[in-house]
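Data first, discussion second: the structure below is written as structure tokens.
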Amino acid sequence: MGRKKLAMRRIENATTRQLTYGKRKDGIVKKASELSVLCDTDVAVVMFSPTGKLTTFASNGRVEDIFLRFVDRPDELRGGPIINEEFLSEKLRQLKYEGEMLEKIAM
């Protein structure tokens with residue numbers, strides 16, 4: 001017996017939508033973790049819930065570090081240019097610095 005195939009459309013009921021997000025979010029993070037271990041890759045996942053709550057996952061280090069590696073790659077290896085690349089790079093570096101300072105303070 002197989003599962004019934006779901007039609008891909010927005011869930012109208014807000015409570016059901018939030019519940020489904022919570023269940024699937026955990027599955028996505030688990031799959032990202034498995035992929036990073038099995039294939040020895042760096043994986044970064046950023047998700048915003050329907051209520052605006054941020055969820056991040058980084059397999060090795062921090063999400064900012066993985067995004068900086070992406071931004072620092074040449075355009076042809078990245079799939080094309082990034083609009084406002086300088087702004088994005090500066091914000092990622094700032095977030096990395098702030099995270100490092102918080103880690104030092106916590107010690």
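The values are calculated or read from the model by the stated rules, or taken from the named source; none is laboratory data. Computed from a predicted structure; not experimentally measured. Using ideal geometry, Cβ is built from the backbone for each residue, glycine included, and neighbour counts are taken over all protein chains shown. Accessible surface is based on the protein model in full, side chains and every heavy atom, while ligands, DNA and RNA are left aside. Shrake-Rupley method; radii C 1.70, N 1.55, O 1.52, S 1.80 Å.
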Next item on the list: Report, in order of residue number, the helices in the chain meeting two criteria: a C-alpha extent of 27 Å or more along the helix axis, and a mean Kyte-Doolittle hydropathy of at least -1.0; treat each whole DSSP H run as one helix.
Entry: 14-39, 85-106
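Per residue, how large is the accessible surface of the chain? Use a 1.4 angstrom probe and give square angstrom.
Solvent-accessible surface per residue comes out at 83 Å².
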Next item on the list: Go ahead and set up a Gaussian network model of the chain, Cα springs under 10 Å, then flag whichever of 41, 55, 16 fluctuates most.
Entry: 16
Next item on the list: Within the chain, what's the longest run with no trypsin sites (Lys or Arg not before Pro) in a DSSP loop and at most 15 other beta-carbon atoms within 10 Å? Give the range, please.
Entry: 54-107
Note to self: Two decimals, Cα atoms only, Kirkwood Rh: what is Rg/Rh over the range 33-107?
What the structure shows: 1.01
